[in-house]
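Values in this text are rule-based calculations from the coordinates and carry no lab data. Because the structure is a prediction, the values reported are computed rather than measured. No Cβ is skipped: glycine too gets one built from the backbone with ideal geometry, and neighbour counts run over all protein chains shown.
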Amino acid sequence: MIAPLPLADFEEELRAVGRERYHDKHPFHILMHEGKLKKGQLQAWVLNRFYYQKSIPLKDAGLIARVDDIGLRRQWIGRILDHDGTKPGEGGIARWLRLAEGVGLDRGYVASCEGVLPATRFACDAYVHFVREKSLLEAVASSLTELFAPDLHKTRIDALLANYAFANEETLAYFRTRLVEAPKDVAFGLDYVLRHARTREEQQLCVSALIFKTDVLWAQLDALHHAYVSPGLIPPGAFVPREAS
């Protein structure tokens with residue numbers, strides 16, 4: 001039996017996944033941050049990313065449904081409230097819809113998820129199923145992409161404000177809020193994984209779960225790049241930007 005890594009080394013192994021695989025390095029994000037996306041390409045990103053946003057509370061509800069530990073349930077349910085809010089017009093999903101309106105999309109169209117790329121659906125649905133079907137430890141570990149999100153949100157806010165007319169404090173409220181919400185979530189999730197992965201095999205399962213999650217995020221951007229940048233092959237039934245119609 002291989003001995004588990006010391007906690008500091010295990011945490012470094014998790015963080016290395018982000019340095020190597022997080023989607024901040026994807027060409028689509030690089031184009032966005034350099035101000036090189038057309039309006040329709042940005043709209044496609046906002047539309048497809050909404051499907052991911054709406055999947056997160058489903059994923060978290062699936063995790064909570066499996067948890068006997070009331071303390072973990074009490075902590076984790078805050079993630080659902082962060083996204084859904086406690087009343088209409090509040091929460092991350094509502095803030096994302098305000099972003100959608102800001103880039104010129106119809107709120108109802110975005111909320112319906114019509115026009116979402118098939119690969120976006122497959123990737124997000126796979127994540128929801130992963131959390132429901134894998135071990136609780138793997139499910140929690142898959143959320144640790146939040147370790148890397150704050151730096152991306154900061155870069156995105158600055159880049160959007162510098163390069164796109166739609167960007168203002170109202171339309172970018174989702175990202176501003178996540179700068180506050182994500183650190184508390186990731187502090188709890190990281191501590192949970194470090195404490196509960198007691199064997200080397202369990203540590204490796206956590207790393208694999210985090211790799212899976214980075215693949216989910218990367219696959220969504222692959223689909224966007226393929227459909228709306230190069231070669232520009234939009235699947236039947238998917239959103240067609242006005243400049244491409």
Inset, instruction - With a ≥ b ≥ c taken as the square roots of the eigenvalues of the C-alpha gyration tensor of the chain, please select rounded if a/c is under 1.5 and otherwise prolate if a/b is larger than b/c or oblate if it is not? - result: prolate
Legend entry - Neighbour-count order for Arg21, Arg74, fewest beta carbons within 10 angstrom listed first: Arg74, Arg21
Legend entry - Glu12 paired with Thr199, simple spin-label distance in nm, labels 7 Å along Cα-to-beta-carbon: 2.5
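Can you tell me how much longer the chain between Ala165 and Asp191 gets when fully stretched, taken as 0.36 nm per residue apart minus their C-alpha distance, in nm with one decimal? It would help to have the intermediate numbers written out before the result.
Details: separation 26, 0.36 × 26 = 9.36 nm, distance 4.02 nm.
Stretched fully, the Ala165-Asp191 segment lengthens by 5.3 nm.
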Legend entry - Estimated 222 nm signal from helices in the chain, with DSSP H stretches of n ≥ 4 weighted -39500 (n - 2.57), rounded to 500: -23000 deg cm²/dmol
Inset, instruction - Relative to the longest principal axis of the C-alpha atoms of the chain, give the angle of the C-alpha long axis of helix 39-64, reported between 0 and 90° and rounded to the nearest 10°. - result: 30
Legend entry - Check: the stretch 98-245 dipole with +1 on Lys, Arg Cβ and -1 on Asp, Glu Cβ, in debye: 180
Legend entry - Under 12 Å, Cβ to Cβ, from Gly237 - net charge with Lys/Arg +1 and Asp/Glu -1: 0
Legend entry - Where only alpha carbons of the stretch 66-162 are counted, the Rg and the Dmax (Å): 16.1, 47
Inset, instruction - Rounded, prolate or oblate: pick one for the stretch 118-245, where a ≥ b ≥ c are the square roots of the eigenvalues of its C-alpha gyration tensor, a/c under 1.5 means rounded, and failing that, prolate if a/b is larger than b/c, else oblate. - result: oblate
Legend entry - Among Cys206, Cys124, Cys113: highest mean-square fluctuation, GNM of the chain, C-alpha pairs under 10 Å: Cys113
Legend entry - Residues Val216, Val110, sorted so that the one with the fewest Cβ neighbours within 10 Å comes first: Val216, Val110
Inset, instruction - Would you kindly derive the ³J(HN,Hα) couplings of the stretch 94-110 from the backbone phi angles with the Karplus curve 6.51 cos²θ - 1.76 cosθ + 1.60 (θ = phi - 60°), listing them in order in whole Hz, with x for Gly and Pro? - result: 5, 5, 5, 5, 5, 4, 4, 5, x, 8, x, 9, 7, 4, x, 5, 5
Inset, instruction - Please give the helix 118-133 orientation as an angle from the longest Cα principal axis of the chain, in degrees from 0 to 90, rounded to the nearest 10. - result: 20
Legend entry - Residues Leu58, Leu233, Leu7 arranged by fewest to most Cβ contacts within 10 Å: Leu233, Leu7, Leu58
Inset, instruction - Please work out the Cα center distance from the stretch 205-223 to the stretch 4-41, rounded to the nearest Å. - result: 10
